[in-house]
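The values are calculated or read from the model by the stated rules, or taken from the named source; none is laboratory data. Since the structure is predicted, the reported quantities are computational estimates derived from the model, not experimental observations. Backbone-built Cβ (ideal geometry, glycine too); neighbour counts: all protein chains shown. Keep in mind that these areas ignore ligands, DNA and RNA; they rest on the heavy atoms of the full protein, side chains included. Shrake-Rupley method; radii C 1.70, N 1.55, O 1.52, S 1.80 Å.
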Amino acid sequence: CFALSLLRGTSRSHSLLDVSCGSPAYLALWAAQLLLLVAASLAIRAALMRRHARRREIGYPFLPDDVEWTVSNTTLYPLLCVGAGLCAGMFGIGGGIVKGPLMLEMGMLPAVSSATASFMILFTSATAALNFALFGALDPQYAGVLFCAGL
């Protein structure tokens, strides 16, 4: 998806394929990115459900804190995470505000929920920083100071 984002560009930066914002080619790249994300999500959902069913068949001793990967869980939780991502992008809130409690609701231990949310934030922030840098919207002076402050 990151590669498709680079090829597509943004309304303020040029794309690698010289595709203008709003053109049919731009919309096709955007749709390809969306389809790739949906296909990956469905593949991961199927794998989780197969693994959970296999464990149930062999009598795997589930712990009280294990997540039950049911049809409703693997449908509802990703949709809620998409909503959290949209809110994070539109309103500038952190997606972890929604995803942390969501994982607790799924039955995860608080320590596991916190560590998973932090791990997701690493990839989200790294991808955003890389996008800003590649499209020339990252001020190196601010980035250096804030990077040092974050250590």
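Where residues in region 131-151 are over 18 Å from Ala88 (Cα atoms) and in contact (Cβ under 8 Å) with a residue 24 or more places away in the chain, which of them is most open to solvent (accessible area, probe 1.4 Å)? Filtering first and then ranking leaves Leu134.
Taken over region 49-78, the criterion of being of a type in the set (A, V, I, L, M, F, W, C) and either within 19 Å of Leu109 (Cα to Cα) or open to solvent by 70 Å² or more (accessible area, probe 1.4 Å) (or both) is satisfied by Ile58, Phe62, Leu63, Val67, Trp69, Val71, Leu76. Residues in region 79-93: is at least one in a helix (DSSP H, G or I), open to solvent by 60 Å² or more (accessible area, probe 1.4 Å) and in contact with a Lys or Arg (Cβ under 9 Å, 6 or more places away or on another chain)? Checking region 79-93: at least one residue is in a helix (DSSP H, G or I), open to solvent by 60 Å² or more (accessible area, probe 1.4 Å) and in contact with a Lys or Arg (Cβ under 9 Å, 6 or more places away or on another chain).
Within region 94-122, restricting attention to residues that are open to solvent by 40 Å² or more (accessible area, probe 1.4 Å) and among the small types (Gly, Ala, Ser), the residue that is nearest to Leu63 (Cα to Cα) is Ala111. The set of residues from region 34-78 being assigned to a helix (DSSP H, G or I), hydrophobic (A, V, I, L, M, F, W, C) and in contact with a helix residue (DSSP H, G or I) (Cβ under 8 Å, 6 or more places away or on another chain) comprises Leu36, Leu48, Met49. Candidates Phe91, Phe62, Phe132, Phe119: the one that is within 30 Å of Asp18 (Cβ to Cβ) and out of contact with any Cys (no Cβ under 8 Å at 6 or more places or on another chain) is Phe132. Take Val82 and tell me if it is of a type outside the set (D, E, K, R) and in contact (Cβ under 8 Å) with a residue 40 or more places away in the chain. In short, no. On inspection, Ser125 does not qualify as hydroxyl-bearing (Ser, Thr, Tyr) and surrounded by 13 or more Cβ atoms within 10 Å (Cβ to Cβ).
Note on region 17-48: among residues that are of a type in the set (A, V, I, L, M, F, W, C), in contact (Cβ under 8 Å) with a residue 12 or more places away in the chain and closer than 20 Å to Leu80 by Cα, the one that is surrounded by the most Cβ atoms within 10 Å (Cβ to Cβ) is Leu48.
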